[in-house]
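Please read the structure below before turning to the comments.
The values are calculated or read from the model by the stated rules, or taken from the named source; none is laboratory data. Please read all numbers here as calculations on a predicted model, not as lab measurements. Here Cβ is always computed from backbone atoms with ideal geometry, including for glycine, and neighbour counts include all displayed protein chains.
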Amino acid sequence: MTDWNAQHYLKFGDERTRAAIDLLARINLSSPRRIVDLGCGPGNSTELLWQRWPEADVYGLDSSVEMIAAAKERHPDRSWQLADLEQWSPDEPVDLAFSNAAIQWTSDHGALMKRLIAGTADGGALAFQIPSGSFAEVRKLIHEISREERWNDRMESARQELKMELPEFYYDALASEASILDVWESEYHHVMNSTDAIVDWISSTGLRPFIGALGIESEQTEFVEELKRRVAQAYEIRANGKVLFPFRRTFVIAYR
Ligand SMILES: C[S@@+](CC[C@H](N)C(=O)[O-])C[C@H]1O[C@@H](n2cnc3c(N)ncnc32)[C@H](O)[C@@H]1O
């Protein structure tokens, strides 16, 4: 798969960071000392962490060379680590393991929950947010197009790349290790300038594996154009020309 494009990812930065702000607002820890941002991307979620707890030792971890480079460029004085969060095992447990919009890129969430909570100190918390396991319309359309005969055979791993379990899965996976579990979903209705903007949004995240599976540029263009056509039919344009993009997200905070 192609590497992340940090610049394009930041294009909808305010909307993407909104869920991180909402997650952070619900975390009931007074003064965590050691904090990690797992899948920190270009550092937009990490910034929120050191703003809220300026005294804490905060570091961002990401497996993308491009994202870590972007984070370092934006904040050269901060700590960044190029690593896979699926292998994360801190020398000393952290007081807060935070992750915004990253865990959906990993595959075995049962094993991951055990690993992440094990890396969190007593009295600390694991807090994460991912898109909801209930499919957004645009995602259904991407999967629908991927099943067309011309490229269906090449799309199996792209269809598996994103993994989102339902809220009860995370509850069950963490219940034995957590003293309190706070699990909820919120649906945001992002205001977009056009239906094409929805495709633009998703092209730096959920669409990437599908485009990456198509080696030839003309096929990639064909896929995106077909998606634009279907998105234009599926999402209604409001009277003022804007389009609402409903985006449901799952939030979990597990206190140890
Ligand atoms: C959608 S971005 C989220 C960035 C940031 N946390 C935010 O709130 O905007 C997802 C990030 O997860 C990272 N990621 C995906 N799989 C990962 C893994 N196994 N280990 C570490 N980072 C991973 C990607 O490189 C990407 O930077």
request  = Go through the range 105-126 and give me each residue that's away from the ligand (no atom under 15 Å from the Cβ) and among the polar types (S, T, N, Q).
outcome  = THR120
query = Is it fair to say GLN129 is within 9 Å of the ligand (Cβ to nearest atom), in contact (Cβ under 8 Å) with a residue 40 or more places away in the chain and more than 17 Å from ALA254 (Cα to Cα)?
reply = no
task = Could you grab the pairs with beta carbons closer than 6 Å, sequence gap of 6+ or different chains, first residue in the range 32-55 and farther than 24 Å from SER89 by Cβ, second one near the ligand (Cβ under 7 Å from one of its atoms) and in a helix (DSSP H, G or I)?
result = PRO42/MET67; ASN44/THR17; LEU48/ALA20
note = Within the range 146-167, residues within 19 Å of the chain's Cα centre (by Cα) and assigned to a helix (DSSP H, G or I) come out as SER157, ALA158, ARG159, GLN160, GLU161, PRO167
remark   = Restricted to the range 40-60 and to residues being within 17 Å of ALA125 (Cβ to Cβ) and crowded, with 21+ Cβ neighbours inside 10 Å, the residue nearest to the ligand (Cβ to nearest atom) is SER45
inquiry  = Going through ARG230, ARG208 one at a time, which residue ends up being crowded, with 16+ Cβ neighbours inside 10 Å and either over 21 Å from GLY41 (Cα atoms) or without any contact (Cβ under 8 Å) to a residue 40 or more places away in the chain (or both)?
reply    = ARG230
ask   = Could you list, in sequence order, the residues of the range 201-256 that are charged (D, E, K, R), under 22 Å from the mean Cα position of the chain (by Cα) and under 30 Å from VAL94 (Cα atoms)?
value = ARG248, ARG249
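Out of PRO76, PRO90, which single residue is farther than 12 Å from ASP62 by Cα, modelled with pLDDT of 95 or more, exposed (fewer than 14 other Cβ atoms within 10 Å of the Cβ) and more than 13 Å from the ligand (Cβ to nearest atom)?
On inspection, the qualifying residue turns out to be PRO76.
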ask   = So which of ALA83, ALA121 ends up being aliphatic (A, V, I, L, M), out of contact with any Lys or Arg (no Cβ under 9 Å at 6 or more places or on another chain) and farther than 23 Å from GLU165 by Cα?
value = ALA83
ask   = Does the range 190-204 contain any residue that is among the polar types (S, T, N, Q), out of contact with any Asp or Glu (no Cβ under 7 Å at 6 or more places or on another chain) and surrounded by fewer than 17 Cβ atoms within 10 Å (Cβ to Cβ)?
value = yes
